[in-house]
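Okay, so here's the structure we're looking at.
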Amino acid sequence: MLIPDLTELVMPNHVNALVLPYKEHITANIVHSWKSYTSHEANKFLDRKKSFWMVEYYDRFIRNERHLDITREYIRKNPVAAGLVNKA
């Protein structure tokens, strides 16, 4: 589940999100559900029936507060690094 004080960002070619699995839910199932729903809705909006997401995804476990802060900052600065905006 997404936690309000965590971070998520939709980029033109990928999504960055900090997700905290709830109880017995595992990351792979969360990502599958999210990708399934969003691809269905996006394809409906775009009036098409193509693949929307790539099959793979990359996950990492946040080890401590410092790692969390570094990851949040990376996500925050990602649009700047991609040349989409001038500053975060």
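The values are calculated or read from the model by the stated rules, or taken from the named source; none is laboratory data. Being a predicted model, the structure only gives us computed values, none of them experimental. Heads up, the Cβs are rebuilt from the backbone with ideal geometry, glycines too, and the neighbour counts pull from every protein chain shown.
Of the conditions (1) hydrophobic (A, V, I, L, M, F, W, C); (2) in contact with a strand residue (DSSP E or B) (Cβ under 8 Å, 6 or more places away or on another chain); (3) in a loop (DSSP other than H, G, I, E, B), I30 fails just one. Which one is it?
If we test I30 against (1) hydrophobic (A, V, I, L, M, F, W, C); (2) in contact with a strand residue (DSSP E or B) (Cβ under 8 Å, 6 or more places away or on another chain); (3) in a loop (DSSP other than H, G, I, E, B), just (3) comes out false.
Among the residues of the range 38-45, are any modelled with pLDDT under 90 and within 16 Å of the chain's Cα centre (by Cα)?
Initially, the range 38-45 is screened for residues modelled with pLDDT under 90, giving none.
No: zero hits.
Give the residue, chosen from V19, V55, that is without any contact (Cβ under 8 Å) to a residue 24 or more places away in the chain and within 12 Å of the chain's Cα centre (by Cα).
Working: V55 fails: within 12 Å of the chain's Cα centre (by Cα).
It is V19.
Which residue, of T71, T7, T27, T38, is touching an Asp or Glu at 6+ places or on another chain (Cβ under 7 Å), of a type in the set (V, I, T) and at negative phi?
Numbers: T71 fails: touching an Asp or Glu at 6+ places or on another chain (Cβ under 7 Å); T7 fails: touching an Asp or Glu at 6+ places or on another chain (Cβ under 7 Å); T38 fails: touching an Asp or Glu at 6+ places or on another chain (Cβ under 7 Å).
After applying the criteria, what remains is T27.
Has the range 49-66 got any residue that is among the hydrophobic types (A, V, I, L, M, F, W, C) and either touching a Pro at 6+ places or on another chain (Cβ under 8 Å) or part of a helix (DSSP H, G or I) (or both)? Steps first, please.
In the first step, residues of the range 49-66 are kept if they are among the hydrophobic types (A, V, I, L, M, F, W, C); the result is 52-55, 61-62.
Next, only the ones that are either touching a Pro at 6+ places or on another chain (Cβ under 8 Å) or part of a helix (DSSP H, G or I) (or both) stay: none.
The answer is no, given that none of the residues of the range 49-66 is among the hydrophobic types (A, V, I, L, M, F, W, C) and either touching a Pro at 6+ places or on another chain (Cβ under 8 Å) or part of a helix (DSSP H, G or I) (or both).
Please tell me if A81 is surrounded by 12 or more Cβ atoms within 10 Å (Cβ to Cβ), out of contact with any Leu (no Cβ under 6 Å at 6 or more places or on another chain) and of a type in the set (G, A, S).
Details: surrounded by 12 or more Cβ atoms within 10 Å (Cβ to Cβ): no; out of contact with any Leu (no Cβ under 6 Å at 6 or more places or on another chain): yes; of a type in the set (G, A, S): yes.
Taking the combined requirement at face value, the residue does not satisfy it.
Just give me the residues in the range 35-52 being in contact (Cβ under 8 Å) with a residue 12 or more places away in the chain and among the aromatic types (F, W, Y), in sequence order.
Here is the first cut: in the range 35-52, the residues in contact (Cβ under 8 Å) with a residue 12 or more places away in the chain are 35, 38-39, 51-52.
Selection gives F52 alone.
Only one of N43, N13 is surrounded by 13 or more Cβ atoms within 10 Å (Cβ to Cβ) and either farther than 21 Å from L84 by Cβ or not aliphatic (A, V, I, L, M) (or both); which? Lay out the reasoning, then the answer.
Details: N13 fails: surrounded by 13 or more Cβ atoms within 10 Å (Cβ to Cβ).
From the options N43, N13, the qualifying one is N43.
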